[in-house]
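**Q** Quick one: the structure is below, questions incoming.
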Amino acid sequence: MNTPLVCVVDDEASVRRSLVRLFRSAGLNSEAFASARAYLDRGAYNGPSCLVLDVRMPELTGLDLQRALIETGRDEQVIFITANGDIPMCARAMKAGAADFLPKPFDDAELLAAVESALFRSGQHRLNQAAQADACARIATLTPREFQVFQGVIAGKLNKQIAADLGTALKTVKVQRGRVMEKMRVTSVAELVQLSQKAGAAPPTGS
Amino acid sequence: MNWINFLWPMVTGTCLTLALINLRLGFAGPMRAAHLFFSLNAFAVAFISGVELALMHAASPTQYGVVLFWGDLATWIILASLTGFIWVFFGTGSRWLALAGVGLHAVALLSYIVRGTSPAYLEITGLKTMKTFGGATYQVARGVPSPWNVVTYSAVLIVLLFVVDASVRLYRQGARRRAIFVGGSLTFFLLAAGVHSALVEAGIVRTPYLISWSYLAILIAMGNELTVDVCAATKLSQRLRESEERMRLAADAANLGMWIWEIAGDDVWMTEKGRALFGFKPEASIDYAAILDQVHPEDRAVRQAAIQQALKTQGEYEMEYRVQSTDGGVRWVSARGRCLGSANGGGQKLLGVSMDVTERKQAEMEAAQQRAELGHLSRVALVGEMATSLAHELNQPLTAIVTNARAAQRFIASGDLSPADLNEILADIGADGYRASEVIRGIKGMVRRGESECHALDLNLVIANVLRLVRADAIAHGCTLSTELEPALPPVLGDAVQLQQVLLNLIINAFEAMRKTPCDPCRVEITSRYVDAQSVEVSVRDFGPGLPADASTRVFKRFYSTKDDGMGVGLAIALSIVEAHAGTLRAENAEGGGARFWFRVPAQITPSVEEAA
């Protein structure tokens with residue numbers, strides 16, 4: 001996985017420079033952008049990242065950028081900074097999933113803490129995403145019949161009930177259940193349930 | 001008793017009296033030249049009367065001849081003074097006829113002197129004593145008439161022609177009564193005197209010379225006419241005095257002080273009101289310096305310049321200045337003067353009226369102060385309206401400063417700070433600190449309460465200052481600002497803060513106009529340009545809904561507002577500011593939608609530009 005990256009979007013050059021400097025002093029990599037448009041043009045970063053975003057900017061505002069990111073399916077951790085944080089704006093930003101909202105001028109420790117935790121969350125998020133992808137990939141290897149057995153098992157059904165539901169012999173179910181545990185690389189039902197949860201409530205259906 | 005000895009001296013006496021009276025009038029009073037000619041004429045007639053008496057009592061032909069010569073000389077004086085009198089009194093006449101008549105008579109006179117003969121006769125052979133009624137006796141000459149008589153009588157005839165010609169001219173000019181009365185009697189009696197003396201000399205008529213009687217009649221006709229003029233002048237001067245009195249009453253009633261300054265004698269005459277105004281005692285004599293002493297020291301130079309200008313151009317002046325009153329206070333005087341007479345012609349004077357306008361001036365100053373107060377309050381309100389945006393504008397550099405400082409501290413703590421890095425950080429901090437102070441300076445300028453100060457201003461600089469203040473506000477309103485500025489703008493004379501206020505008002509109004517309706521482009525265009533040689537224009541155009549019909553003048557009215565929370569004083573104050581700068585402020589709908597507000601103020605053309613042009 002790539003090193004964490006902090007992106008700064010602020011129309012004010014001096015503020016951008018000072019933020020980049022602050023992040024460098026804290027040992028963080030950062031990139032600065034003069035406008036929302038420039039940031040959108042950059043594309044998503046492959047690695048833990050967070051966005052330090054000024055609310056009030058000409059043309060596209062910080063809130064506009066946040067909306068655009070959500071619409072294009074990007075889920076950056078956004079920390080808003082604003083010179084005059086009014087409550088309605090703050091509420092809108094937080095509702096739209098902002099990680100934090102800091103008034104200018106901010107306390108450096110506070111900002112760095114917010115950035116650290118956002119980066120951590122971003123990393124976690126990326127790990128979760130990786131786990132989900134892994135789980136989904138494993139589930140995808142199951143045959144349709146095995147998937148049906150898998151669904152029965154994680155629903156907490158007994159082999160007998162599964163056999164009755166599928167209308168097959170108990171013996172067949174036992175063999176298929178063994179193959180599911182093998183393909184999913186788990187040894188217990190508890191692990192299997194955990195993996196299915198990671199894959200999400202609605203796993204890709206093979207049926 | 002010989003009544004001749006009684007009558008002729010009476011004629012002499014009458015003529016002398018007339019001569020002396022007119023001599024006196026000739027040295028003082030109007031129409032001096034006419035009176036002097038009349039006086040000379042009367043002296044000559046008096047003399048002739050004496051000559052006639054002497055002729056009547058002549059003891060020998062030789063004596064008769066000598067006396068006759070003196071008579072002829074007096075006749076010449078009469079003709080000369082008569083033509084002179086007609087010339088100045090009628091103001092018209094043929095110069096050639098006058099010179100010819102008087103000249104010809106002089107030639108005849110000279111010929112007698114040269115040849116040593118008496119006039120009229122080549123030779124006087126004897127004297128004959130004549131008797132007339134009442135037992136009076138007189139001498140008459142007998143002799144050979146002189147051929148030179150033709151010259152003498154021609155001269156008289158030419159003078160007669162001159163009189164007739166002058167009378168006709170005067171008649172045509174409209175002074176008919178005078179032409180008929182004076183011209184007619186002169187013609188008649190000249191003719192009578194000439195014909196009669198010719199007949200006497202020819203021996204056809206046996207009477208004494210009656211020249212003096214004819215000329216006495218002429219004198220009476222002339223004198224009568226002169227008296228008419230003197231009477232008219234007297235009446236006129238009386239009427240003038242009455243009119244002056246009326247003027248003074250009116251001036252007093254209107255609280256006007258009147259004065260006349262005789263420049264040559266440096267003497268000032270002034271009415272009571274005027275004296276009271278300047279603080280002079282009723283009997284004190286006043287000169288120019290005394291008045292100047294009463295004028296407020298700061299206004300002296302201006303007043304002197306205005307008066308000098310009026311004297312130089314023979315024109316008028318009008319100004320207002322302060323006078324120091326005796327109680328230590330200051331009174332405002334409005335003065336108006338006119339120059340009469342020319343400097344080289346002498347008798348130049350300055351006439352004027354002065355009025356106490358202290359109360360009006362005070363009211364004006366109070367109004368100006370209130371206007372300034374209102375302007376200040378509205379500026380404060382404007383800055384208040386922009387408070388959030390201004391706080392943002394101030395917060396940006398402060399944020400950068402704080403962040404930079406913290407970063408530096410962290411670098412130091414980690415021992416990772418190079419001098420070059422530190423230098424860069426400190427440079428940034430310094431620049432941001434300066435930027436913050438600029439914002440504060442801008443705000444302070446706007447809310448500052450102070451006298452309006454006029455300087456030569458670059459309007460582009462005023463625009464730049466305002467743009468710095470409204471930049472954040474534009475972003476808050478989601479508007480962009482664009483400018484199109486004429487690079488070589490001539491300076492204007494004005495108060496920077498007040499003009500910034502006008503521009504700020506227009507720009508904030510433009511933001512507001514576009515807030516109500518969604519618009520595209522959401523832009524405010526600010527332009528400056530050189531309209532013509534005289535003025536500079538600054539315009540603010542928005543892309544909002546534009547002005548409602550007939551609102552383009554109403555928007556400038558006090559308490560008229562299209563804003564829900566507007567007080568409606570902003571534009572009214574902006575208008576009063578622009579008008580105080582001798583400019584105009586207008587509103588109109590722009591082509592392609594939106595409203596356009598512009599103001600024009602006079603450009604200050606520097607001499608060098610004028611020379612270059």
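**Q** Out of (1) within 30 Å of A:Pro4 (Cα to Cα); (2) under 28 Å from the mean Cα position of the chain (by Cα); (3) buried (at least 16 other Cβ atoms within 10 Å of the Cβ), what's the single condition that is false for A:Ala130?
**A** Going through the list (1) within 30 Å of A:Pro4 (Cα to Cα); (2) under 28 Å from the mean Cα position of the chain (by Cα); (3) buried (at least 16 other Cβ atoms within 10 Å of the Cβ), A:Ala130 breaks only (3).
**Q** Taking the stated definitions as given, is A:Asp75 part of a loop (DSSP other than H, G, I, E, B) and in contact with a Pro (Cβ under 8 Å, 6 or more places away or on another chain)?
**A** no
**Q** Please work out which residue is modelled with the lowest pLDDT, limiting yourself to segment A:113-160 and to residues that are closer than 20 Å to A:Met184 by Cβ and polar (S, T, N, Q).
**A** A:Gln129
**Q** Counting only residues that are away from chain B (no Cβ under 13 Å) and either of a type in the set (Lys, Arg) or assigned to a loop (DSSP other than H, G, I, E, B) (or both), how many does segment A:83-131 have?
**A** Within segment A:83-131, residues that are away from chain B (no Cβ under 13 Å) and either of a type in the set (Lys, Arg) or assigned to a loop (DSSP other than H, G, I, E, B) (or both) number 8.
**Q** Search segment A:26-52 for residues being within 14 Å of another protein chain (Cβ to nearest Cβ) and among the hydrophobic types (A, V, I, L, M, F, W, C), and hand back the single one that is surrounded by the most Cβ atoms within 10 Å (Cβ to Cβ).
**A** Filtering first and then ranking leaves A:Val52.
**Q** Which residues, taken from segment B:502-541, are assigned to a helix (DSSP H, G or I) and farther than 16 Å from B:Leu467 by Cβ?
**A** Of everything in segment B:502-541, those that are assigned to a helix (DSSP H, G or I) and farther than 16 Å from B:Leu467 by Cβ turn out to be B:Glu512, B:Ala513, B:Met514, B:Arg515, B:Lys516.
**Q** Can you pull out every residue in segment B:297-342 that is among the acidic types (Asp, Glu) and over 15 Å from B:Gly257 (Cα atoms)?
**A** Of everything in segment B:297-342, those that are among the acidic types (Asp, Glu) and over 15 Å from B:Gly257 (Cα atoms) turn out to be B:Glu298, B:Asp299, B:Glu316, B:Asp327.
**Q** What about B:Arg410, is it over 45 Å from the mean Cα position of the chain (by Cα), at pLDDT below 85 and either in a helix (DSSP H, G or I) or closer than 30 Å to B:Ala306 by Cα (or both)?
**A** The answer is no for B:Arg410.
**Q** Residue check, B:Val205 against (1) out of contact with any Ser or Thr (no Cβ under 8 Å at 6 or more places or on another chain); (2) under 26 Å from B:Trp8 (Cβ atoms); (3) crowded, with 21+ Cβ neighbours inside 10 Å, all met but one. Which one?
**A** (3)
**Q** Here is a list: B:Tyr138, B:Tyr215. Which entry is hydroxyl-bearing (Ser, Thr, Tyr), more than 47 Å from the chain's Cα centre (by Cα) and part of a helix (DSSP H, G or I)?
**A** Going through B:Tyr138, B:Tyr215 in turn, the sole match is B:Tyr215.
**Q** Under 6 Å between Cβ atoms, which residue pairs at least 6 apart in sequence (or on different chains) link something in segment A:123-137 that is small (Gly, Ala, Ser) with a partner that is in a helix (DSSP H, G or I)?
**A** From residues that are small (Gly, Ala, Ser), the pairs are A:Ala131/A:Lys198; A:Ala135/A:Leu195; A:Ala135/A:Lys198; A:Ala135/A:Ala199.
**Q** Just give me the residues in segment A:99-127 being farther than 21 Å from A:Gln66 by Cα and more than 21 Å from the chain's Cα centre (by Cα), in sequence order.
**A** A:Pro105, A:Asp107, A:Asp108, A:Ala109, A:Glu110
**Q** Can you find, within segment B:398-408, the residue that is surrounded by the most Cβ atoms within 10 Å (Cβ to Cβ) among those that are at the interface with chain A (Cβ under 7 Å from one of its Cβ atoms) and hydrophobic (A, V, I, L, M, F, W, C)?
**A** B:Ala400
**Q** Which one of the conditions (1) surrounded by 16 or more Cβ atoms within 10 Å (Cβ to Cβ); (2) under 40 Å from the mean Cα position of the chain (by Cα); (3) at pLDDT 85 or above; (4) not small (Gly, Ala, Ser) does B:Phe597 fail to meet, given that it meets all the rest?
**A** Of the numbered conditions (1) surrounded by 16 or more Cβ atoms within 10 Å (Cβ to Cβ); (2) under 40 Å from the mean Cα position of the chain (by Cα); (3) at pLDDT 85 or above; (4) not small (Gly, Ala, Ser), the odd one out for B:Phe597 is (2).
**Q** Let me ask you something else. Only one of (1) out of contact with any Phe, Trp or Tyr (no Cβ under 8 Å at 6 or more places or on another chain); (2) facing chain A (nearest Cβ under 8 Å) fails for B:Glu438. Which number is that?
**A** (2)
**Q** Also: Can you report the number of residues in segment A:56-81 which are surrounded by fewer than 23 Cβ atoms within 10 Å (Cβ to Cβ), more than 21 Å from A:Leu112 (Cα to Cα) and away from every other protein chain (no Cβ under 14 Å)?
**A** Residues in segment A:56-81 being surrounded by fewer than 23 Cβ atoms within 10 Å (Cβ to Cβ), more than 21 Å from A:Leu112 (Cα to Cα) and away from every other protein chain (no Cβ under 14 Å): 8 in total.
**Q** I'd like the full set of residues that are in contact with a strand residue (DSSP E or B) (Cβ under 7 Å, 6 or more places away or on another chain), within 14 Å of chain A (Cβ to nearest Cβ) and part of a helix (DSSP H, G or I), limited to segment B:472-501.
**A** B:Ala474
**Q** Next up: Considering segment B:143-158 alone, what residues qualify as being part of a strand (DSSP E or B) and surrounded by 14 or more Cβ atoms within 10 Å (Cβ to Cβ)?
**A** B:Gly143, B:Pro145
**Q** Restrict the check to segment B:196-203 and report whether at least one residue is at pLDDT 85 or above, over 38 Å from the mean Cα position of the chain (by Cα), of a type in the set (Asp, Glu) and part of a helix (DSSP H, G or I).
**A** no
**Q** Another question about this same structure. Can you pull out the residues in segment B:525-558 that are of a type in the set (Val, Ile, Thr) and within 30 Å of B:Ile605 (Cβ to Cβ)?
**A** Listed by number, the residues that qualify are B:Ile526, B:Thr527, B:Val531, B:Val536, B:Val538, B:Val540.
**Q** Could you count how many residues in segment A:4-25 are more than 7 Å from chain B (Cβ to nearest Cβ) and either surrounded by 23 or more Cβ atoms within 10 Å (Cβ to Cβ) or touching a residue at least 40 places away in the same chain (Cβ under 8 Å) (or both)?
**A** The total comes to 9.
**Q** Out of B:Thr187, B:Thr152, B:Thr117, B:Thr129, report the one residue that is touching a helix residue (DSSP H, G or I) at 6+ places or on another chain (Cβ under 6 Å) and without any contact (Cβ under 8 Å) to a residue 60 or more places away in the chain.
**A** Exactly one of B:Thr187, B:Thr152, B:Thr117, B:Thr129 is touching a helix residue (DSSP H, G or I) at 6+ places or on another chain (Cβ under 6 Å) and without any contact (Cβ under 8 Å) to a residue 60 or more places away in the chain, namely B:Thr187.
**Q** Here is a follow-up. Identify, please: which residue in segment B:118-140 is hydroxyl-bearing (Ser, Thr, Tyr) and within 24 Å of B:Val159 (Cα to Cα) and is, among those, surrounded by the fewest Cβ atoms within 10 Å (Cβ to Cβ)?
**A** Here the residue is B:Tyr121.
**Q** State the number of residues belonging to segment B:378-397 that are at the interface with chain A (Cβ under 7 Å from one of its Cβ atoms) and over 14 Å from A:Asp10 (Cβ atoms).
**A** Residues meeting the conditions: 2.
For (1) surrounded by fewer than 21 Cβ atoms within 10 Å (Cβ to Cβ); (2) more than 45 Å from the chain's Cα centre (by Cα); (3) modelled with pLDDT of 85 or more; (4) of a type outside the set (D, E, K, R), each residue gets a yes or a no:
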position: B:Ala456; (1), (2), (3), (4): yes, no, yes, yes
position: B:Ala464; (1), (2), (3), (4): yes, yes, yes, yes
position: B:Val470; (1), (2), (3), (4): no, yes, no, yes
position: B:Leu489; (1), (2), (3), (4): yes, no, yes, yes
position: B:Ala496; (1), (2), (3), (4): yes, no, yes, yes
position: B:Arg541; (1), (2), (3), (4): no, yes, yes, no
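**Q** Mind checking whether some residue in segment B:409-429 is surrounded by 17 or more Cβ atoms within 10 Å (Cβ to Cβ), touching a residue at least 24 places away in the same chain (Cβ under 8 Å), closer than 30 Å to A:Ser30 by Cα and within 12 Å of another protein chain (Cβ to nearest Cβ)?
**A** There is at least one residue in segment B:409-429 that is surrounded by 17 or more Cβ atoms within 10 Å (Cβ to Cβ), touching a residue at least 24 places away in the same chain (Cβ under 8 Å), closer than 30 Å to A:Ser30 by Cα and within 12 Å of another protein chain (Cβ to nearest Cβ).
**Q** On to the next question. Can you pull out every residue in segment B:336-392 that is among the hydroxyl-bearing types (Ser, Thr, Tyr) and touching a helix residue (DSSP H, G or I) at 6+ places or on another chain (Cβ under 9 Å)?
**A** B:Ser354, B:Ser378, B:Thr388, B:Ser389
**Q** Across segment A:26-55, what is the number of residues that are touching a residue at least 40 places away in the same chain (Cβ under 8 Å) and more than 21 Å from the chain's Cα centre (by Cα)?
**A** Qualifying residue count, segment A:26-55: 2.
The values are calculated or read from the model by the stated rules, or taken from the named source; none is laboratory data. What you see is a predicted model, and the numbers here were worked out from it, not measured in a lab. Note that we place each Cβ from the backbone using ideal geometry, even for glycine, and neighbour counts take in every protein chain shown.
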